[in-house]
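Student: Following this message is one structure expressed as structure tokens.
The values are calculated or read from the model by the stated rules, or taken from the named source; none is laboratory data. As the structure is a computational prediction, the values presented were derived from the model and not from experiment. Positions of Cβ are backbone-derived with ideal geometry, glycine not excepted, and every protein chain shown enters the neighbour counts.
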């Protein structure tokens, strides 16, 4: 699943056979040879397991633990390309900005970084902008020129788990059973009536588990970074 998520590639269709020592391919459906083949792009990761007890929860927890140090990557169409800084940045600030824009997993090297570097990285999380719909969010200034509004989205290593109310205790039990919280992650159950967590609480969180549709409980697994 992790490989499919991180490395999507084009592959030959299952009915296409590549012949050794030849540049041509053989189509088992039409029984024809061709120099070009029909390809498909590998899908994103997923679990095809409807029955209970096949390990869906455990697979998800393993994926969360594997990617606990990785930061979410913004879509290519919403990358912050133009600089919006209005002052000259120091070398350290430029490094932090580059790390955030490239979504470099700096948390994997937290043990080798100085405390000052960790402080800068934690205080300056990555972000990207998404333009709102023009027909709803245009504002007209006194110069009669439309001003396009944008929303700022923060990047974090948090994994959000949304589950029904009846499955929430199961998730808590599976986490307590399989995750070594003292050595790897620390488990904290947060009782809250808030629907949305503040961004500051997500940057230091590995995953957030919330029952749906009434998000009256939020389960936060905080890292020791």
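Student: It is to be established whether one or more residues within region 1-13 are in contact with a strand residue (DSSP E or B) (Cβ under 9 Å, 6 or more places away or on another chain), at pLDDT 85 or above, under 30 Å from residue 55 (Cβ atoms) and in a loop (DSSP other than H, G, I, E, B).
Tutor: Checked against the condition, which is being in contact with a strand residue (DSSP E or B) (Cβ under 9 Å, 6 or more places away or on another chain), at pLDDT 85 or above, under 30 Å from residue 55 (Cβ atoms) and in a loop (DSSP other than H, G, I, E, B), region 1-13 yields at least one hit.
Student: Right, here's the next one. Please determine, by comparing only the residues of region 102-145 that are over 22 Å from residue 72 (Cα atoms) and surrounded by 11 or more Cβ atoms within 10 Å (Cβ to Cβ), which one is modelled with the lowest pLDDT.
Tutor: The qualifying residue modelled with the lowest pLDDT is 137.
Student: Regarding region 36-53, can at least one residue be identified that is on the phi < 0 side of the Ramachandran plot, surrounded by 10 or more Cβ atoms within 10 Å (Cβ to Cβ), assigned to a strand (DSSP E or B) and under 30 Å from the mean Cα position of the chain (by Cα)?
Tutor: Yes, that holds for at least one residue.
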